[in-house]
Each structure stands twice: as structure tokens, then as C-alpha cells.
Amino acid sequence: MKNLKLLMRYFKFNISAQMEYRVNFFIQIFGMIINNFFLLFFWWVIFSKVGKFGGYGMEDIYLIYSVVTVSFGISMTFFGNQTRISRIIYTGELDSYIMLPRPYLFHILVSRISLSALGDVIFGIIVFFMSGYAGFLNFIVLIIVCTMGAVIFAAFNSVLQSLTFYFGDSTAFSRVFPEAVLSFSMYPETVFNGIIKIVLFTVVPAGYFSFLPVRIIKDFNLYQLSEMFFFTVGFSVFAFLFFKHGLKKYESGNLIIKRL
Amino acid sequence: MEKIRKYFTFFKITFINDLAYVSNYIGQFFTFALFMFVYSFVWRAIYSGKTVIEGYSFEMVMWYFMFTETVMMSKYPFYSDMAEEIKSGDIAYSLNKPYSYILFNFSKYISTSVIRMFLNTVFGSFIILIITGSFPVKLSGFLFGFISSFFGLVLNFFFFFLLGLTAFWFEDNSSFAFIYGKFLFTVGGLFMPVEFFPAFVRNITDYMPFKYIIYVPARSYIEGFGTFIGFFPVQLLNILIYGILVYILYSFAVKRLNVNGG
């Protein structure tokens with residue numbers, strides 16, 4: 001509960017800080033919404049050229065984009081530091097977190113928000129209502145599965161970025177895998193087959209980030225929802241333990257900084 | 001001659017510096033290979049039951065995509081450095097030096113971009129050969145595609161410079177950069193050849209500069225001299241128009257500059 005309060009405090013604080021540049025705030029959000037609509041162009045052309053393929057049509061693509069952008073948006077909005085953990089470790093900025101009485105990883109994750117990610121959430125909700133699956137109950141399911149997806153994405157980034165504890169600066173390496181999750185997530189599940197499908201539910205968890213949530217919304221199934229829930233909890237615990245274990249290898253750089 | 005020599009020196013220094021850190025490109029190669037791998041699955045699914053769409057076979061589309069990605073990933077995004085310079089006031093250090101700020105940025109940009117393009121073309125061709133197992137490209141296309149890409153990069157420079165200039169008016173220009181990127185994705189022909197577009201969109205692309213940055217170089221790679229020379233006059237015309245526009249806007253923007261302290 002305390003942690004949830006911390007998250008909300010940081011969120012409010014960061015939003016009010018960003019509102020100092022109000023025009024910029026709205027440009028970033030609307031910019032991201034327009035940006036995402038451009039991505040649909042590819043599918044619009046393809047479906048007008050070849051019709052449905054692999055059992056997927058435009059309304060399914062709207063749903064996939066909705067799930068991915070809402071999950072990604074929630075993740076980056078509330079856990080905005082997830083792609084900076086490596087940098088925080090190797091610059092010694094971590095000192096300022098480990099002196100405070102809060103779970104370190106959680107505190108790092110929530111202390112920054114990404115504004116343009118709010119645009120992703122808004123875009124995702126708009127295209128959800130354009131998909132053939134819009135409805136009140138489905139919307140609730142969307143929010144639930146996307147919240148879990150957001151946690152999975154943050155946990156995945158945390159694990160990759162924590163590799164810096166073990167191998168030194170892992171920034172370049174930890175950029176490729178989240179990119180892979182997003183790249184695979186934006187396409188229909190039926191496109192991928194064989195060994196690649198196993199990879200997408202293990203090493204690169206695009207399956208849990210996009211394919212499974214889409215399946216749950218299309219055809220609600222308590223078993224699949226539980227599977228997603230247990231994966232989310234299990235993977236988050238793993239991310240925290242991995243970070244905690246890595247922390248033992250951390251040596252302070254005696255960096256003095258002021259976090260505003 | 002003396003004037004040109006200093007820009008060539010900027011070019012040379014950046015070139016040598018980039019060559020010393022070729023290992024920095026490994027991460028980019030991974031991303032490049034990943035995109036092509038994912039796309040091969042998507043296009044294979046799209047082509048199931050079809051051999052040719054709009055004159056392109058699956059193999060040709062994959063090679064086309066490799067070339068468009070090559071150009072796309074070669075562009076050095078100097079606009080973010082430029083925006084940072086403008087916001088921090090560091091631009092004052094560049095403006096009082098005896099060189100043109102536009103040409104200084106151009107020398108550095110084109111040097112890094114050309115190296116990237118060369119490495120991406122070699123690496124991309126190797127990967128795509130493994131994925132498709134075929135080589136539906138004219139060998140001379142590599143020469144004319146490279147030349148066309150060079151001019152595409154020059155045209156792209158002016159758009160990046162315009163993005164950098166937006167920092168005079170806006171705190172953060174990343175949204176504009178995203179949107180520019182999406183114009184290249186769509187009407188620029190990054191994901192698929194312009195021939196795939198509905199007729200009315202295709203007509204619009206003819207009047208936009210974006211396809212001369214992505215689509216035209218990629219097609220020149222595949223088809224060689226004929227395609228290159230066919231599009232070259234309009235590509236040059238676009239370079240001229242946007243070059244003049246950048247010069248006018250830059251002259252106007254610099255007058256807004258107000259640097260305090262030292």
C-alpha cells in the first residue's frame with residue numbers, strides 16, 4: 001500500500017513538473033497518437049490488397065495495437081525509469097536510491113514518467129473502440145491484462161538492465177531485446193510458428209505481452225487469465241531477486257547528485 | 001578551395017573516429033537483423049498462396065525492405081544534438097567559429113551516414129541472402145543504389161536540420177522527429193514499395209519529397225541505372241528546394257537566438 005502511495009505521489013509530482021511546459025506536454029501526447037495512427041497504414045494497405053490472411057482482419061489488428069500500446073503506455077508512464085536502470089547503476093546514481101527506506105528497484109522504476117507514453121495509452125483506447133471487440137466488459141478485461149502486460153514489460157527491462165551489475169554497461173544489449181518484444185508483439189500470432197513461437201513465450205516474452213492478452217479479450221478464459229497472472233507475479237519476483245542479487249556486486253562511485 | 005577543405009577535414013575526422021568504433025554498430029546490426037527476421041514471417045504469411053503482388057515476388061519485397069531499412073538506419077540523427085546545443089546555449093560556440101553551421105553539421109552527418117550505409121548494405125545483403133536464398137538484384141544496382149541513397153541522405157539532412165531548428169520554438173522536438181519518421185515509414189515507402197499503395201495515395205506521394213529518400217534509392221538498388229536516372233532530376237530538384245528553405249529558416253531562427261552569460 002505504501003508503495004502504491006509512492007507511485008501515485010511520483011506520478012502527480014512528475015505530471016505537475018511537466019505541466020510547466022504545457023504546450024510541450026500536449027505536443028508530445030498528440031504527437032505520439034498521430035505517430036501510432038501512421039503505423040496502421042501498413043495494415044490498411046495490405047488488407048486492401050490481399051484481404052484477410054491467417055484469420056486476421058483489420059479489426060483484429062486494432063485489438064493487437066490496442067493491447068500493445070496500452071500495455072507499453074502504462075508501463076512507460078508509471079515505470080519510466082525502466083530503460084535507464086543500467087545508466088543509474090554505472091554512473092553511481094544508484095547511491096541516492098539505496099539510502100532511502102523503500103524497495104530499491106520499485107523506487108527507481110517509479111521515480112520517472114514518460115509523457116509521450118500517455119499518448120500511447122490514449123491511442124490504444126481509441127483503437128480498442130474501433131476494433132470489433134469493444135464493450136464495457138471487454139474494456140475492463142483490456143485494462144486488467146494490459147496492467148499485467150505493463151508489469152511484465154517493466155520486469156523484463158529490469159532484468160536486462162540489471163545485467164550491468166554482472167557484466168558492466170549493458171545498455172546496448174538491453175535495448176535490443178525490448179525492441180524484439182515490441183517488434184514481434186505488433187503482428188498476429190498466427191504469423192509465427194515452430195521454434196520461434198516457443199521463443200516468444202520464453203526468452204522474448206512477446207507471447208505474454210501481446211498474444212495471450214489478445215486471446216483473453218477475444219475469447220475470455222479464466223484459465224488463460226490465471227496463466228497470465230502467475231507469469232506476471234513470478235516474473236516480477238524474479239526481476240526483484242535478480243536486481244537484489246546484483247546489488248551485492250555494486251560499488252559506490254561516491255557520486256553526489258541532487259534529484260529534482 | 002580553402003573553404004571546402006575545412007569541411008572535408010570535418011568529414012575526415014568524423015570518418016576516422018567512426019571507423020575506430022565499428023564495434024558500436026553491433027547493437028544496430030542485431031536490431032537490423034531482427035526487423036528483417038520478423039518481416040520475413042509477416043511477408044511469408046501475406047504471400048501464402050500468391051507468387052507475385054504488384055510485380056514483386058516475396059524475395060524481391062524482402063530485398064526491397066532490406067535496402068529501405070539500410071537507408072533508414074544509416075541516417076545519423078544529429079537533430080537531437082543540435083536541439084541540445086540550442087537549448088543549452090552551446091550553439092554560441094559554434095556560431096562564432098569561421099565556418100558555416102549548416103555545412104559543419106552536414107560534413108559530420110554525411111560522414112557517419114555513409115559509413116553506416118556501407119556497413120548496413122554489406123551486413124543486410126548477407127542476412128537477406130540467408131533468409132530468402134535468392135539474389136533478384138542487378139549487380140550494377142549496388143553502385144547506382146548507393147549513389148541514389150547518397151542523394152537521399154542529402155535530402156534527409158535538410159529535414160533533420162529543420163527538426164533541429166524547431167528547438168528554437170519548442171522545448172522538445174522528439175514528437176516532430178517521430179512524425180517525420182512515420183512519413184518515411186508510410187509515404188516514403190519503407191515497409192512496402194509505393195506500387196502497393198492505392199492509386200490516390202500513390203499520386204500524393206509523387207508530390208512529396210519522402211519517397212526520394214527511401215523508395216527511390218531502394219528501387220535503384222534493385223533495378224540499377226534506368227531507375228536511378230529516371231528519378232534523379234526530381235531528387236535533385238527536391239534537394240534544391242529544401243536546401244533553400246533550410247537556409248532561409250536558419251537565417252530567421254538565428255536572429256531569435258539570445259544567449260545569456262558565459
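Do the conditions hold for B:ILE222, that is, is it surrounded by 14 or more Cβ atoms within 10 Å (Cβ to Cβ) and of a type outside the set (S, T, N, Q)?
yes
Kindly evaluate B:ILE86 against the criterion of being open to solvent by 20 Å² or more (accessible area, probe 1.4 Å), under 25 Å from B:PHE159 (Cα atoms), among the hydrophobic types (A, V, I, L, M, F, W, C) and more than 12 Å from every other protein chain (Cβ to nearest Cβ). Walk me through it before giving the result.
Details: open to solvent by 20 Å² or more (accessible area, probe 1.4 Å): no; under 25 Å from B:PHE159 (Cα atoms): yes; among the hydrophobic types (A, V, I, L, M, F, W, C): yes; more than 12 Å from every other protein chain (Cβ to nearest Cβ): yes.
So B:ILE86 fails the test.
Whether any residue in segment B:145-168 is within 14 Å of chain A (Cβ to nearest Cβ), more than 20 Å from B:VAL71 (Cβ to Cβ), more than 17 Å from the chain's Cα centre (by Cα) and not hydroxyl-bearing (Ser, Thr, Tyr) is what I want to check.
Yes, segment B:145-168 has at least one match.
Any residue at all in segment A:140-147 that is closer than 22 Å to A:ILE33 by Cα, touching a helix residue (DSSP H, G or I) at 6+ places or on another chain (Cβ under 7 Å) and free of Cβ contacts under 8 Å to residues at least 60 places away in the same chain?
Scanning segment A:140-147 turns up no residue that is closer than 22 Å to A:ILE33 by Cα, touching a helix residue (DSSP H, G or I) at 6+ places or on another chain (Cβ under 7 Å) and free of Cβ contacts under 8 Å to residues at least 60 places away in the same chain.
Applying the selection to segment B:198-214, what residues are more than 14 Å from the chain's Cα centre (by Cα) and either buried (at least 22 other Cβ atoms within 10 Å of the Cβ) or more than 10 Å from chain A (Cβ to nearest Cβ) (or both)?
Once the filter is applied, which keeps residues that are more than 14 Å from the chain's Cα centre (by Cα) and either buried (at least 22 other Cβ atoms within 10 Å of the Cβ) or more than 10 Å from chain A (Cβ to nearest Cβ) (or both), segment B:198-214 yields B:ALA199, B:PHE200, B:ARG202, B:ASN203, B:ILE204, B:THR205, B:ASP206, B:TYR207, B:MET208.
What pairs come out if I take residues in segment A:202-224 that are in contact (Cβ under 8 Å) with a residue 40 or more places away in the chain and closer than 22 Å to A:SER183 by Cβ and pair them with residues that are among the hydroxyl-bearing types (Ser, Thr, Tyr) and open to solvent by less than 60 Å² (accessible area, probe 1.4 Å) whose C-beta lies under 6 Å away, six or more apart or interchain?
Every condition considered, the pairs that remain are A:PHE209/A:SER185; A:SER210/A:SER185; A:ILE217/A:TYR133.
Residues of segment A:100-123 being more than 14 Å from chain B (Cβ to nearest Cβ), more than 12 Å from A:TYR10 (Cβ to Cβ) and part of a loop (DSSP other than H, G, I, E, B), which ones?
A:LEU100, A:PRO101, A:PRO103
Run down B:PHE29, B:PHE11, B:PHE65, B:PHE15 and say which single residue is of a type in the set (Phe, Trp, Tyr), within 14 Å of another protein chain (Cβ to nearest Cβ) and surrounded by fewer than 19 Cβ atoms within 10 Å (Cβ to Cβ).
Criteria check complete, one pass: B:PHE29.
Does segment A:156-178 include one or more residues that are open to solvent by 50 Å² or more (accessible area, probe 1.4 Å), touching a helix residue (DSSP H, G or I) at 6+ places or on another chain (Cβ under 7 Å) and not in a helix (DSSP H, G or I)?
yes
I'd like the residue in segment A:159-190 that is closer than 20 Å to A:GLU93 by Cβ and of a type in the set (Phe, Trp, Tyr) and, out of all such residues, is nearest to the other protein chains (Cβ to nearest Cβ). Break it down into steps so the answer makes sense when it comes.
Residues of segment A:159-190 closer than 20 Å to A:GLU93 by Cβ: A:159-175.
Those still in the list that are of a type in the set (Phe, Trp, Tyr) too: A:165-167, A:173.
Working: A:PHE165: 20, A:TYR166: 18, A:PHE167: 14, A:PHE173: 7 Å.
Selected residue: A:PHE173.
Among the residues that make up segment B:215-231, is at least one of them over 21 Å from B:GLY164 (Cα atoms) and within 14 Å of another protein chain (Cβ to nearest Cβ)?
Yes - at least one qualifying residue is present in segment B:215-231.
Is it the case, given these coordinates, that A:VAL203 is under 18 Å from the mean Cα position of the chain (by Cα), away from chain B (no Cβ under 12 Å) and within 18 Å of B:PHE30 (Cα to Cα)?
yes
The values are calculated or read from the model by the stated rules, or taken from the named source; none is laboratory data. Just so it is clear, the model here is predicted, and its values are computed rather than measured. As a convention, Cβ positions derive from the backbone with ideal geometry for all residues, glycine included, and neighbour counts pool all protein chains shown. All accessible areas refer to the heavy atoms of the entire protein, side chains included, with ligands and DNA or RNA removed. Shrake-Rupley method; radii C 1.70, N 1.55, O 1.52, S 1.80 Å.
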